[in-house]
1. State the label only: which of (i) 286; (ii) 146; (iii) 156 corresponds to volume of the Cα convex hull per residue in Å³ computed from the shown model?
2. For LYS378 and GLN22 in one chain, what is 0.36 nm times their gap in residues minus the Cα-Cα distance, to one decimal in nm?
3. For segment 299-404: lysine pairs with Cα atoms under 22 Å, gap of 8 or more or different chains, count?
4. Using the Cα centre of segment 299-404 as the reference point, and only Cβ charges (+1 on K/R, -1 on D/E), how large is the resulting charge dipole? Debye, rounded to the nearest 20.
5. With helices defined as uninterrupted DSSP H runs, which ones in the chain have an alpha carbon span along their own long axis of at least 15 Å and mean Kyte-Doolittle hydropathy of at least -1.0?
6. So for segment 1-78, taking the charge dipole from beta-carbon charges (+1 Lys/Arg, -1 Asp/Glu), which of GLN29, HIS68, PHE11 sits furthest toward the positive end?
7. Extension gain TYR296-GLN124, at 0.36 nm per residue separation less the Cα-Cα distance, in nm?
8. Please build a GNM for the chain, connecting alpha carbons under 10 Å apart, and tell me which residue among PRO110, PRO199, PRO231 fluctuates the most.
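Each reported figure results from applying straightforward, stated rules to the coordinates on display, with no laboratory input. As the structure is a prediction and not an experimental result, all values here were calculated from the model. Cβ atoms come from the backbone with ideal geometry, glycine included; neighbour counts cover every protein chain shown.
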Amino acid sequence: MPGKFANAGMFEGHFNWEPAIQRYGVLYQRTGDIRSEFFRDYSRILHSDPFRRLKHKTQVFFAPQNDHICTRIEHVNHVASVSYTIAKELGLNTELTSAIAYGHDIGHTPFGHEGETLLNSISQRDIGENFWHEKNGLFVCDSIATLQDVFGNNRNLMLTYAVRDGIISHCGEVNQESIFPRTDAIDLYKINRTNEYQPYTWEGCIVKISDKISYLGRDIEDAIEQRLLTPTLLLELKRIVDKYLPGLGRLNNTVLMHHLITNLCKNSNPENGIMLSQNHLDLMNEVKQFNYSYIYKHPKVESHKQYTRLIITTLYEFLQQTYDRGTITENLDELSKKYPLLITDFHNWLIEYSDIDLPKRKKRRLKNRIIYTISNPKDFARSIIGFIAGMTDNYAIRKYHEVISF
């Protein structure tokens, strides 16, 4: 039986179909390709290096040694699962939700939101621009992530508008009673802040709320695993849940997700939008407030933030000191003798994404966009920020120790 949104999903024939499938560049075609436009985007994100690195990027707890603690890639899989379940039940395009879900956090920095906050401060100070992970996710998909084409050339992903929009529009609070997609296919690079616009598709709206549904209970499980929640706090959490879901019993991630997903599917329709009942919206918001008070601001988490600040600040300032417009290549070659790992990788980054060495770009078959002009000091700062933003937790820690070692 078709779902409630069967005539509203982003399928061929939708009145916004043509804008939704427009790509950010010309993507080569393969004879006999059986994939849809959105499933092709899903595949391209899945096979990209920035996606792979999510397995070693922080969700809440930095560089965890415990293999059972959630990292960014597990969270992405949760969002993909939740959004698929909702989209399938409502009759929306599950291939579109999967592509958005797999790409939605591809712009996250090492060390989670603390890394994002630090790079934003640096970007505002040195460039005069805001940095946030949703905008960086769009930038990564458009200009950083590459795949080889059928001729062996490295090229950009060139994703569809609907997927790119879902990536930059996925964050923001969902305290409002319902979410509706916007109708205009705006220039995504004119979005200036989180939650400025709702997503362009119902599927993007689904991913936006699935993001919240996915992390609340999982973060609680991690906090219990890390022994951050005292018996008193666990009783407080039970009191919160019992207030909205009496008789539920023990709360865990799958139980919380089940109740939020089924409630959302029951209450959502094209006339009223994507919505939870007031009871379940209040539950979600109160659990989120509990997490902020007792998990995200826990003294142990705060102490790790200090370590994060030291690592990112040290790496940025060290790389910034290599800049001299006329002699940048010579500076990098000289520094690589003492810091071979960090400097060699950064130099390769500049070759791939800047105009520092066009003959080497050609030799390496790099046909992706040149996005940094080395003669521009602000562009050089942007290149360092982009380089650090792509690091995993462990990579950043290793490079930091290389810089400070004698």
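1. (ii)
2. Taking 0.36 nm per residue and subtracting the Cα distance, the gain is 125.1 nm.
3. The result is 4.
4. Numbers: 18 positive and 13 negative charges, 94 e Å.
Value, rounded to 20: 460 debye.
5. Helices meeting the criterion: 72-90, 202-225, 231-244, 253-267, 299-320, 340-353, 377-389, 393-404.
6. So the residue we want is HIS68.
7. Numbers: separation 172, 0.36 × 172 = 61.92 nm, distance 2.44 nm.
Value of the extension gain: 59.5 nm.
8. PRO231
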